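Colleague: So that we are looking at the same thing, I have put the structure below in structure tokens.
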């Protein structure tokens, strides 16, 4: 079995030799006497453990007494799973505690008892192994809880997956509805990948992101000379999707003039380029998505009723993230694994408080908001784990920080106080406003220790 690697950093040659002699049977040992050599060893050898002298002599590299803490900071930033054990004298206890707060695994006071230090290191290696196994299992879990690139295994998403499986093999038009950030494009791609058209092109266009005067040409293409600036023939998104799937995102933003042309294609599978005279027959499946209520848009005259029925052959409604029980934390770890490597951050996970905050947040921006918060947290976090503060999920951010009973009591107190204020302290008027009798109101005033404003007790 491969031995764990240990870097011993101490400016006392006697201590370095003592620890090397005592520990080399259990560890592959590297030695460093100052910050520069220590950082070079860490970069080159990536040790599992670091035994670090907190009180490195500043004259060794001409810097400050915080040499040990500087090395600790660099180690934790490079890989939070590396276990750093600070070795210090009693006079440096305050610095040792600070080191723990910065991410050190443990600290040990001089003089060194090798047997005790060996036990601390053995425990550190064991914990490190558990943490690595936990990360491996978590990554496996995220992989297992995916469906064609969609992460989540809540009952709400299981229903979505069943609908996708059911509709994928056919060529019918699908309308995907859901609020912004719920994953409509991912759902459309899942339908495409599960379908017989999975080897054909998958073309995406956001109907709300392109100016109206350019959108027709983007969708249907144009002929040379059809308008000023049309110096050549252009192939539109429909033709690009030949033999595959066209995803029309935010189809509710499509102008009425183009709704007619889309309806014509859905009816006879033909298009005409701008300035063209010949219809072009195409084999393209259309999947559309919207965050609008298209029935309301039809009633308001902003969306054609006949087009709505053509699009709404099969309707898939994506749930809000807050309604996907258990998926928020799964997604959080998925996004953490995805983005920490690109941002070169070795964050191990979330604190328990952060995990609770993730699971209880309202997530008004749904999955997109969750991903954006994690990307931001990876930039601002200073420790090995992301906190609820890093995520910006404090109590005023929609987190449930009290029980339902406590919430009801707070609401009771608020309404009683308002009623008493409105009635100027008149119990009879306040009780009528609250819909309770005077005796009950008196009991509640006593229960919640609410003081009476100045006024009459009766009418």
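Values quoted throughout were computed directly from the atomic coordinates according to the rules given, and no laboratory measurement underlies them. The shown structure was predicted, so the numbers you read here are calculated from the model rather than taken from an experiment. Reconstructed Cβ throughout: ideal geometry from the backbone, glycine too, with neighbour counts over all protein chains shown.
Colleague: Suppose only helical runs count, i.e. DSSP H with n ≥ 4. What mean residue ellipticity at 222 nm does that imply for the chain under -39500 (n - 2.57) per run, divided by all residues and rounded to the nearest 500 deg cm²/dmol?
Modeller: Result for the chain: -14500 deg cm²/dmol, rounded to the nearest 500.
Colleague: Compute the long axis of helix 327-342 from its Cα atoms, compare it with the longest principal axis of the Cα atoms of the chain, and write down the angle in degrees, 0 to 90, nearest 10.
Modeller: 70 degrees
Colleague: Which part of segment 302-336 falls in the paramagnetic zone of residue 375, meaning amide N under 17 Å from the point 7 Å along Cα-to-beta-carbon?
Modeller: 331-336
Colleague: Now, a different point. Run the quick spin-label model on residue 101 and residue 341: label points 7 Å from Cα toward the beta carbon, then report their separation in nm to one decimal.
Modeller: 3.5 nm
Colleague: On to the next question. Classify segment 322-397 from the C-alpha gyration tensor, please: rounded if a/c falls under 1.5, else prolate or oblate depending on whether a/b exceeds b/c.
Modeller: Cα axes put segment 322-397 in the prolate bin.
Colleague: If I take all pairs of Cα atoms in the chain, what percentage of them are more than 40 Å from each other? Show your work: numbers first, answer last.
Modeller: Working: 52978 of 105111 pairs.
Above the 40 Å cut-off, the chain has 50 percent of its Cα pairs.
Colleague: Please give the contour-minus-distance gain from residue 12 to residue 283: 0.36 nm per residue of separation, less the Cα-Cα distance, rounded to one decimal in nm. Before the final figure, lay out the partial values.
Modeller: Numbers: separation 271, 0.36 × 271 = 97.56 nm, distance 7.73 nm.
Between residue 12 and residue 283, full extension yields an extra 89.8 nm.
Colleague: Same structure, new question: Would you kindly state how much longer the chain becomes between residue 158 and residue 20 on full extension, computed as 0.36 nm times their sequence separation minus their alpha carbon distance, in nm to one decimal?
Modeller: This chain segment gains 44.1 nm when fully extended.
Colleague: For 220, 227, 325, what's the fewest-to-most ordering of other Cβ within 10 Å of each Cβ?
Modeller: Ascending number of Cβ neighbours within 10 Å: 227, 325, 220.
Colleague: Hey, fewest Cβ within 10 Å first, where do 121, 452 land in order?
Modeller: Sorted ascending by nearby Cβ count, the order is 452, 121.
Colleague: Compute the normalised compactness of segment 5-134: alpha-carbon radius of gyration over 2.2 N^0.38 Å, N being the residue count. Could you put the intermediate results ahead of the total?
Modeller: Details: Rg = 13.3 Å, N = 130, 2.2 N^0.38 = 14.0 Å.
In units of the 2.2 N^0.38 Å rule of thumb, it is 0.95.
Colleague: Still on this structure, I have one more. Kindly express, to the nearest 10 degrees and within the range 0 to 90, the angle between helix 13-23's C-alpha long axis and the longest C-alpha principal axis of the chain.
Modeller: Relative to the chain, helix 13-23 is tipped by roughly 70 degrees.
Colleague: I would also like to ask the following. Counting only DSSP beta bridges with both residues in the chain, tell me the antiparallel percent, nearest 5.
Modeller: If we restrict to bridges inside the chain, about 10 percent are antiparallel.
Colleague: Taking the Cβ of each residue in 105, 73, 126 as the centre, tally the other Cβ atoms inside 10 Å and list the residues starting with the fewest.
Modeller: 126, 73, 105
Colleague: May I pose another question? Find how much the distance from residue 37 to residue 448 grows on full extension, using 0.36 nm per residue of separation minus their present alpha carbon separation; answer in nm with one decimal.
Modeller: Numbers: separation 411, 0.36 × 411 = 147.96 nm, distance 6.50 nm.
Full extension of this stretch gives 141.5 nm more.
Colleague: Please state the shape class of segment 345-387: rounded when a/c is under 1.5, otherwise prolate if a/b exceeds b/c and oblate if not, all from the C-alpha gyration tensor. Intermediate values should be presented prior to the final figure.
Modeller: Numbers: a/c = 2.79, a/b = 1.42, b/c = 1.96.
Since a/c reaches 1.5 but b/c is at least a/b, the shape of segment 345-387 is classed as oblate.
Colleague: Can you tell me the FRET efficiency between residue 28 and residue 130 if r is taken as the Cβ-Cβ distance and R0 is 25 Å, rounded to the nearest 0.05? Before the final figure, lay out each step's value.
Modeller: On the way: r = 21 Å, r/R0 = 0.84.
Once the sixth-power term is evaluated, E becomes 0.75.
Colleague: Between 0 and 90 degrees, rounded to the nearest ten: what's the tilt of helix 67-78 against the longest Cα principal axis of the chain?
Modeller: Between helix and principal axis, roughly 30 degrees.
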